[in-house]
Protein chains: 2
Amino acid sequence: MARILVADDHALVRETIAAYLEAEGFQEVLSAADVDHALGLVAKAPFDLILADYDMPGMDGLAGLARLIAANRPHPVALISGAISPEVAAQALEIGAAGFVPKTLGSRNLVAAVKAMLAGEVFAPMSLIQRGPEGLLSGRELDVLRGICAGKSNKEIARDIGLQEVTVKLHVKTMSRKLVAKNRTHAAMIARDRKLV
Amino acid sequence: MARILVADDHALVRETIAAYLEAEGFQEVLSAADVDHALGLVAKAPFDLILADYDMPGMDGLAGLARLIAANRPHPVALISGAISPEVAAQALEIGAAGFVPKTLGSRNLVAAVKAMLAGEVFAPMSLIQRGPEGLLSGRELDVLRGICAGKSNKEIARDIGLQEVTVKLHVKTMSRKLVAKNRTHAAMIARDRKLV
DNA sequence: AAAGACTCTACCCGAAAGGATAGGATTGCC
DNA sequence: GGCAATCCTATCCTTTCGGGTAGAGTCTTT
């Protein structure tokens, strides 16, 4: 019926999902533990649909997803994920992701989502779609946020990315406003929760 | 063959694992989405084995696990988890957990682990067992760490737990040393990574 | 060309955090 | 009792943060 690839580094999740889809009547369901393995399988023969985990070795943010999409074009590639931020979701859709399969999805909904995406539709929970470009962090702000999450001081961040300390402080301030964080520590925790880094 | 309960708030994980275990020949595999639901099922009839997710509604740290263990005594209760800190693992074993099932475990190993625990053995990856009491955070230090993770200032933390600000600063210092953190933000990220809070 | 972003830098200030050192209080344990 | 660990408080000092305001450069879009 369809050739599907499930890519997830959690063997338990990967294999059980694959087994479930096979039991649902999909002809060929393969699995991969990382992006490189997945790309190798795609190279042999493209899939009708790829489900890829966002927190997977080789993903490197959305770079790995972009490679998968390019390799499997024009067939759809979707993200499996426990929790994804609206920011990441928007970027994923921009680079051509076919949708999202939250792990909170039930088995029956999973099948429905897979069928929808096989038919060329975009499947994504509303909560991930409805959002303005409001409150998005700029590139520099993300750089600084990464430094903060690494426990660096403003001075260290400034040295590492080649800026003056005052400039870093500015980015910390504006970025904290956007995240509605009380301070850098709070911002770091929010970033971690929303997987912004 | 055995009556097993799989408790996980991720419907996809929960149902697929349950389906897989059933396919392996286990007679009765039920599932629950939160601790309260699980306790309700246990109350009707105890299970030969319970697999419970650590990051689950109602778990409240290890309190929920303790309730499940008490309710299902003397049958084993194990934790399903993507990542668990040695600290939490040790505490779980102390209060009587039967072991751990990392999500990185393959399907075949899952079956082996389940059978081992049904036989009364403790199943846990070595990496979670070998650890000294070295570097453990004291109660107060954990209190302060929780405050830091919430983005609070020392002053706020002091007010909330009824201490002087200087005392909080002391705990921040000693706790950061133990975690080998450069500052409070770094400590917060380490705590989040190791699930210390 | 103008508007709007993102960007970088500078100066100022008060508040917060980090670090060192020291003393006393409370436990539980040998 | 002595010992160790944890806990609470204190004083002093330096560094870092957080916040405000201001000016100017780049780039893209309209």
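Okay, here's what the table says:
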| read-out | value |
| --- | --- |
| Number of the exception - residue B:136 against (1) modelled with pLDDT of 80 or more; (2) more than 11 Å from every other protein chain (Cβ to nearest Cβ) | (1) |
| Only listed residue being free of Cβ contacts under 8 Å to residues at least 60 places away in the same chain and touching a Leu at 6+ places or on another chain (Cβ under 8 Å), chosen from A:41, A:49 | A:41 |
| Test: residue in segment A:103-111 that is modelled with pLDDT of 80 or more and in a helix (DSSP H, G or I) | yes |
| Filtered residues of segment B:167-180 (kept if buried (at least 16 other Cβ atoms within 10 Å of the Cβ) and in a loop (DSSP other than H, G, I, E, B)) | none |
| Residue A:110 surrounded by 20 or more Cβ atoms within 10 Å (Cβ to Cβ) and more than 12 Å from the chain's Cα centre (by Cα) | yes |
| Any hit, segment A:113-135, residues being on the phi > 0 side of the Ramachandran plot, more than 9 Å from DNA strand C (Cβ to nearest atom) and in contact with a strand residue (DSSP E or B) (Cβ under 7 Å, 6 or more places away or on another chain) | no |
| Residues being away from chain A (no Cβ under 14 Å) and within 13 Å of DNA strand C (Cβ to nearest atom) - total across segment B:142-159 | 2 |
| Residues being near DNA strand D (Cβ under 7 Å from one of its atoms) and within 14 Å of another protein chain (Cβ to nearest Cβ) - total across segment A:163-176 | 2 |
| From the options A:146, A:194, A:184, residue that is within 20 Å of residue B:183 (Cα to Cα), in contact (Cβ under 8 Å) with a residue 24 or more places away in the chain and either away from DNA strand D (no atom under 16 Å from the Cβ) or within 20 Å of the chain's Cα centre (by Cα) (or both) | A:146 |
| Subset of segment B:144-166 (residues that are more than 27 Å from residue A:172 (Cα to Cα) and buried (at least 16 other Cβ atoms within 10 Å of the Cβ)) | B:163 |
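The values are calculated or read from the model by the stated rules, or taken from the named source; none is laboratory data. The structure presented is a predicted model; accordingly, all values stated were derived computationally and were not measured. Note that we place each Cβ from the backbone using ideal geometry, even for glycine, and neighbour counts take in every protein chain shown.
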